[in-house]
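Report on the structure given below.
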Amino acid sequence: MKTFFVRNFYILLGSSFIVGILLASCINGIFFDGEIKQTQAIYIDAYPVDAAPFKPSQSFWLGTDTNGRHLLHVIIEGAKYTIGLSLFIAGIRMFFSFVLGTIYAFYLQKYQRVLSALSNAFQYIPVVLLAYFLLRPVLNQAFEGFEYSFATRVWYEIILLTLLALPTVSLVIGNENLDHPKKRVYPEC
């Protein structure tokens with residue numbers, strides 16, 4: 001058991017960090033109604049001494065934004081949405097990649113070389129950069145506000161991030177050593 005923790009120390013450390021932030025986010029939502037602390041000005045003897053944004057300090061661990069919202073509280077409150085959306089997108093990617101990879105492995109054997117060459121092109125294009133350029137026009141907030149509704153932006157992000165990963169993940173799943181069912185030999189019982 002000790003060797004398990006020694007070998008997987010960094011995985012356990014990262015996982016506990018993510019689980020800790022997720023728990024803190026859920027606790028903040030349940031017990032404090034998702035409230036984000038806000039300090040717009042610091043007063044001494046009823047006179048304003050300093051105004052937001054504040055630098056990181058003992059009072060403001062990560063500082064504040066221009067509206068005086070504590071950035072640590074903003075991060076903690078938004079973590080459940082970010083982590084939840086990431087897990088949702090990863091699940092959708094795996095489901096569709098498994099379906100497409102299985103079709104690729106069993107039914108598209110004639111075209112595997114061509115499809116593999118097309119899919120390998122996605123391994124050389126930085127997907128993060130491609131996602132940034134495709135998401136920026138929709139998620140960029142103009143001075144007047146967002147051009148698209150919140151639901152439209154979320155669904156656009158989910159669909160785009162899912163589609164960008166499908167070719168590569170499908171190819172990996174399809175290239176696993178899957179024998180055709182007719183060639184498979186089953187042991188006698």
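The angle between the Cα long axis of helix 150-174 and the longest principal axis of the Cα atoms of the chain comes to about 30 degrees, rounded to the nearest 10. The stretch between LEU12 and PHE146, if pulled fully straight at 0.36 nm per residue, gains 44.4 nm over its current Cα-Cα span.
Find the eigenvalues of the gyration tensor of the Cα atoms of the stretch 61-112, then list the square roots of 5 times those eigenvalues as equivalent ellipsoid semi-axes, largest first, in whole angstrom.
Working: eigenvalues 396, 18, 7 Å².
That gives 45, 10, 6 Å for the three semi-axes.
Dividing the alpha-carbon radius of gyration of the stretch 36-84 by the rule-of-thumb value 2.2 N^0.38 Å gives 1.29.
Computed over the stretch 34-137, the P(r) tail beyond 16 angstrom holds 75 percent of alpha carbon pairs. Expressed as a whole percent, the accessible surface of the stretch 1-64 that belongs to carbon and sulfur atoms is 67, based on a 1.4 Å probe.
For the stretch 12-80 versus the stretch 100-114, the spacing of their alpha-carbon centroids is 50 Å.
To the nearest ten degrees, helix 112-124 and the longest principal axis of the Cα atoms of the chain are 20 degrees apart. Surface analysis of the stretch 116-167 yields an accessible area of 73 Å² per residue, using protein heavy atoms and a 1.4 Å probe.
At full extension, ARG136 and TRP61 could sit 24.1 nm farther apart than now, given 0.36 nm per residue minus the alpha carbon distance.
I'd like the projected area of the chain, averaged over all directions, using the convex hull of its alpha carbons. Report it in nm² with one decimal. Present the calculation step by step, with values, prior to reporting the outcome.
Values: hull surface 79.5 nm².
One quarter of the hull surface, i.e. the mean projection, equals 19.9 nm².
For the chain, the longest principal axis of the alpha carbon atoms and the long axis of helix 9-31 meet at an angle near 50°.
In the context of the full protein assembly, SER16 retains an accessible surface of approximately 70 Å², using a probe radius of 1.4 Å and ignoring ligands and nucleic acids. Based on the alpha-carbon gyration tensor of the stretch 121-165 and its eigenvalue square roots a ≥ b ≥ c, which shape applies: rounded if a/c is under 1.5, prolate if not and a/b is larger than b/c, or oblate? Cα axes put the stretch 121-165 in the oblate bin. Taking amide H as placed 1.01 Å from N in the peptide plane, the amide H of THR39 sits under 5 Å from that of ARG69, HIS70, each at least 5 places away or on another chain. May I ask you to derive the FRET efficiency for VAL128 and VAL49 from their Cβ-Cβ distance with R0 = 41 Å, giving the value to the nearest 0.05? Calculated transfer efficiency: 0.45.
The values are calculated or read from the model by the stated rules, or taken from the named source; none is laboratory data. Model, not experiment: these values are computed from the prediction. Cβ: placed from backbone, ideal geometry, glycine included. Neighbour counts: every protein chain shown. For accessibility, only protein heavy atoms count, side chains too; no ligands or nucleic acids. Shrake-Rupley method; radii C 1.70, N 1.55, O 1.52, S 1.80 Å.
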